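Structure record follows, encoded as structure tokens.
The values are calculated or read from the model by the stated rules, or taken from the named source; none is laboratory data. As the structure is a prediction and not an experimental result, all values here were calculated from the model. Cβ placement follows ideal geometry from the backbone for every residue including glycine, while neighbour counts extend to all protein chains displayed. Only protein heavy atoms, including side chains, enter the accessible area calculation; ligands, DNA and RNA are left aside. Shrake-Rupley method; radii C 1.70, N 1.55, O 1.52, S 1.80 Å.
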Amino acid sequence: MTLAAYRNLAVATLGFTITFWAWNLISPLGNAFKSSLDLTHVQVSALVAVPVLVGSLGGVPVGALTDRYGARVMFPLVSTLTIVPVLLLIPAKHSYAALLGTGFLLGLGGTTVAIGIPLVNAWFPPRKRGLALGIFGMGMGGIALSGYLTPRIHRYDENLPYLVVAVGLALFAVVGALMINDHPGRPVPETSLATRLGRAGRLRVTWELAALYAIGFGGIVAFGVYLPTYLQTWYHLDAADAGTKAAGFALVTVAFRPVGGWCADRVHPAVVTAWALGTVAVLAVVQAFDPPLDPVGTVDFLVMAAGLGAAGGSVFALVSRVTPQARVGTVTGIVGAAGGLGGFVPPLVMGAVYSAKGSYSTAFMLLSDLALAGCVYAVGRMRTAGAGRAGTT
């Protein structure tokens, strides 16, 4: 291993963290927008979900462009472009339609997972990729930073969170341009974007991985964007307390992402994924019975976060195991899109279920069903997927 590999891993993780903070700027302020604009629960759910949707779908072309142009170009470029919607939140906060439009643009910040994974994957050998990708995945801590810091900074000055994040993005763009280097042996595809997407889309394993990641990472994103609203609505916490607990959830997912990757380097990633999703399935049932927040609900959410974080790390270890290096960015974009879409739907479901039933129990039971299905599929099918490519570079 070289110093350059670890430098690129560190810088990519930093960029992932900052862009994910930007991506999640609206969610911690959902209740503030609800009060100031007199929004319904469904409208708030749509508002926090729009950046997730765009970040998901945007990861597909961004991943393919990363295969072609490299992370040295794409990471600073996406970071710089994300500054625009972050600053547009200042005038947009007075109009629901303007917030939706700005949230659409803000989704760009959520595409950086499709930039960092092919970068890290190229620098690390197969036996260490699980851990390295798990460490990169700790950049999801940007969601925790947003949940904890954004409402507190907003309480001091309502425009300050957007200015702080914009400065952070600008600084990282400079750091990224100076310190990110693509691996000299990185294969550069010569075919068109449409051709590469078509080839990746024809691989069965692409969609199998996408389904598993939609459950694992989708669960992380869904809780990241909707947990503050859930805690305020159901347990009647104020914005700061809800943000703190949501940040704790996100930090646990961040901490267990490299644990999942490390385990996947030693045990088959599909087995790690199955155990992680099985844990989530059981705990989602517990939460469906609306236990008291302290201590049962808190412990339940934190262990569920550990399972989701480990699943996120193990699934991308599986991506690196079964995907040719030249297609990692493209496949990552598709898989990441599925993960983001998995995070887009649940907040809408949570809002709709609560509006219709006055309870979130049905939504948690649906999560349990999906996690159990992923557990069974991972252990039953994915242990043999790509067996002929295991260990390839």
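A few points about this structure:
- Note on the chain: the C-alpha convex hull projects to 17.0 nm² when averaged across all orientations.
- The alpha-carbon atoms of region 233-326, seen along their principal axes, cover 49, 25, 19 angstrom, with the largest extent given first.
- Placing unit charges on the Cβ atoms only, positive for Lys and Arg and negative for Asp and Glu, gives region 199-285 a dipole magnitude near 420 debye about its Cα centre.
- Just the protein heavy atoms count here, and of the accessible area of region 207-346 at 1.4 Å, carbon and sulfur take up 76 percent.
- Each other residue within a Cβ distance under 10 Å of TRP123 adds +1 if Lys or Arg and -1 if Asp or Glu, for a net charge of +3.
- Protein accessible area in region 12-170, 1.4 Å probe - carbon and sulfur %: 70 percent
- Rolling a 1.4 Å probe over the protein heavy atoms gives the chain an accessible area of 37 Å² per residue.
- Rolling a 1.4 Å probe over the protein heavy atoms leaves LYS128 with an accessible area of roughly 80 Å².
- Kirkwood radius for region 185-264, taken over all pairs of different Cα atoms as the inverse mean of 1/r, rounds to 15.7 Å.
- Positive dipole terminus of the chain, leading residue within GLY218, SER361, GLY59 (C-beta point charges): GLY59
- For the chain, a crude dipole built from +1 on the beta carbon of Lys and Arg and -1 on the beta carbon of Asp and Glu, taken about the Cα centre, is about 1320 debye to the nearest 20.
- Point-charge dipole on Cβ atoms (K/R +1, D/E -1) for region 1-138, about Cα centre, debye to 20: 440 debye
- Residues with amide H under 5 Å from that of TYR235, placed H, sequence gap 5 or more: none
- Inter-label distance for ASP157 and ALA170, nm, one decimal - labels placed 7 Å from Cα along Cα-to-Cβ: 1.4 nm
- DSSP H segments from the chain that extend 27 Å or more along their own axis, Cα-based, with Kyte-Doolittle mean of -0.5 or above: 3-23, 41-69, 71-92, 160-179, 204-234, 239-266, 269-288, 298-322, 328-357
- Translational diffusion of region 1-46 was estimated from the Stokes-Einstein equation, with Rh taken as the Kirkwood radius over Cα pairs; at 37 °C and 0.692 mPa s the coefficient is 252 µm²/s.
- Residue-count net charge about PHE33 - beta-carbon cut-off 15 Å; Lys, Arg +1, Asp, Glu -1: +1
- Only helical runs count toward this figure. For the chain, summing -39,500 (n - 2.57) over DSSP H runs of n ≥ 4 and dividing by all residues gives -27000 deg cm²/dmol at 222 nm.
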